[in-house]
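Working notes for the structure below.
The values are calculated or read from the model by the stated rules, or taken from the named source; none is laboratory data. This one's a predicted model, so the numbers in the text were calculated from it and none came from an experiment. Glycine also receives a Cβ, built like all others from the backbone with ideal geometry; neighbour counts cover every protein chain displayed. To get the accessible areas, we keep the full protein, side chains included, count just its heavy atoms, and leave off ligands, DNA and RNA. Shrake-Rupley method; radii C 1.70, N 1.55, O 1.52, S 1.80 Å.
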Amino acid sequence: MITGSTRLFGIVADPIAQVRTPEVLNAYFDKQGLDAVLVPLHIGAAQLAVAFDVFRALKNLGGFIVTVPHKTAAVDLCDEVSAAAREIGAVNTVRREPDGRLVGDMFDGRGFVAGLKAEGLDPAGRRALLVGAGGAAAAIAFALAEVGVGRLTIANRTRARAEELASRVSRFYPAIQVEAGDADPTSHDLIVNSTSLGMKTGDAMPFDTELLQPEQIVAEIIMKPEMTAMLRQATLRGCVVQAGRHMLDHQARLMGEFMTRVS
Ligand SMILES: NC(=O)c1ccc[n+]([C@@H]2O[C@H](COP(=O)([O-])OP(=O)(O)OC[C@H]3O[C@@H](n4cnc5c(N)ncnc54)[C@H](OP(=O)(O)O)[C@@H]3O)[C@@H](O)[C@H]2O)c1
C-alpha cells in the first residue's frame, strides 16, 4: 500500500520497459519491511540534468538506480561519487541525502563478486582472466581488484581498450598484478566472459573453450540465455560454472542497502 509517508525510489533509463529492477527492488523493500516503492522513470539523455535537479528538490526521494544510457553521464551530475565509481567512470546507484545532495556509487562489479562469494567462489588470491573491456568489464575489473584477486589478465577484441583498462586498474590498485593479454584460459583459476558474446544464437565463443580444464571456475555475465553456449561447453569440460543472473541478484541487494542507508 502506497501512503503519504511511503519513501520514493526510481530507476532512470531510456528505453525503460525492459528493466527488471522494479520487481527485484520492490521485493527487497518488502523483505526488509520498508515503507518504500521503486518506480520506472523514463528520461532521455537531453533531460537528464533537469531530472537530477528535480531529484535534489524531491524531499521524499530516497534514491534511484541509473542504467543504460545514463551511467557515464551520471558521474558528473552527482554532487559526490565514490572514488571507485569515478575511476570506473560510471555510476549506477544514487542516494539522496536529507539535504538534497546526490551521492553516487557503482555496484555492477561488486554484485558480480558478491555472487561468486555466495557460491563459495571467493576471487581473492585467484588468477583471473577477464574477457572484454567495456562498461561491465571495467566495473568487474575494479571489483576483482578491490577484493584482492591474485592476478588479473584483461583480454579484448580491441586490444587498446584492454590495455587502457589494465593501466587504470593498476594505477588505482598498484599492489595487484594487472595486464592486458590474450583470451587464453590456460594458467587461470577464474575465467569471466564480460563481452556481449553469447546473447545471440550463433555468436562466437569469447575464448577457446577447448582449452578449459576441469578445476577452473567459468563465470558469465550474460543473463539471457541463462546457459550460454560458453557455459554449456565449460560444464561439459567439468568446470565450475556461474551464470549471469547472480550478478544482478546480488547487485540488487547492494543497491538497496546503499539507497536506504541513512548517512
Ligand atoms: N548480469 C548483469 O548484471 C549485467 C550487468 C551489466 C551488463 N551485462 C551484460 O554484459 C554485456 C556487456 O555489456 P557492456 O555494458 O560492458 O557493453 P559494452 O560496453 O558495449 O562492451 C561490450 C564488450 O563486448 C565486446 N564485444 C562485443 N561484440 C564482440 C564480438 N563480436 N567479438 C568480440 N568481442 C565483442 C566488446 O569488445 P570491443 O571493445 O572490441 O568492442 C566489449 O569488450 C551485455 O550483454 C550486457 O547485457 C550484464
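Of all residues in the range 72-81, those that are assigned to a loop (DSSP other than H, G, I, E, B) and at pLDDT 95 or above total 2.
Please go through (1) touching a Pro at 6+ places or on another chain (Cβ under 6 Å); (2) within 26 Å of A83 (Cβ to Cβ) for R168 and return the number of the only condition it doesn't satisfy. So R168 meets the others, but not (1).
Residue-by-condition table, conditions (1) in a helix (DSSP H, G or I); (2) of a type in the set (A, V, I, L, M, F, W, C); (3) surrounded by 16 or more Cβ atoms within 10 Å (Cβ to Cβ); (4) within 21 Å of the chain's Cα centre (by Cα):
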| position | (1), (2), (3), (4) |
| --- | --- |
| A162 | yes, yes, yes, yes |
| S196 | no, no, no, yes |
| F207 | no, yes, yes, no |
| V218 | no, yes, yes, yes |
| R232 | yes, no, no, no |
| T235 | yes, no, no, no |
| G238 | no, no, no, no |
| V241 | no, yes, yes, yes |
| L254 | yes, yes, yes, yes |
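Within the range 17-31, identify whether any single residue is open to solvent by less than 30 Å² (accessible area, probe 1.4 Å), within 26 Å of G111 (Cα to Cα) and outside any helix (DSSP H, G or I), and answer yes or no. Checked against the condition, which is being open to solvent by less than 30 Å² (accessible area, probe 1.4 Å), within 26 Å of G111 (Cα to Cα) and outside any helix (DSSP H, G or I), the range 17-31 yields at least one hit. Restricting attention to the range 47-54, does a residue exist that is in contact (Cβ under 8 Å) with a residue 24 or more places away in the chain and open to solvent by 80 Å² or more (accessible area, probe 1.4 Å)? No, the conditions are met nowhere in the range 47-54. Within the range 134-160, the set of residues being open to solvent by 10 Å² or more (accessible area, probe 1.4 Å) and either among the small types (G, A, S) or away from the ligand (no atom under 15 Å from the Cβ) (or both) comprises G134, G135, A136, E146, V147, G148, G150, R151, A160.
Candidates are the residues of the range 77-121 that are open to solvent by 60 Å² or more (accessible area, probe 1.4 Å) and acidic (D, E); the one that is farthest from D14 (Cα to Cα) is E119. Any residue in the range 116-127 that is assigned to a loop (DSSP other than H, G, I, E, B), within 13 Å of the ligand (Cβ to nearest atom) and under 26 Å from F64 (Cα atoms)? For the range 116-127, residues assigned to a loop (DSSP other than H, G, I, E, B), within 13 Å of the ligand (Cβ to nearest atom) and under 26 Å from F64 (Cα atoms): absent.
With respect to the stated conditions, S170 fails to be more than 30 Å from T21 (Cα to Cα), in contact (Cβ under 8 Å) with a residue 60 or more places away in the chain and more than 11 Å from the ligand (Cβ to nearest atom). H188 falls short on exactly one of the conditions (1) part of a loop (DSSP other than H, G, I, E, B); (2) buried (at least 16 other Cβ atoms within 10 Å of the Cβ); (3) within 11 Å of the ligand (Cβ to nearest atom), and that condition is (3).
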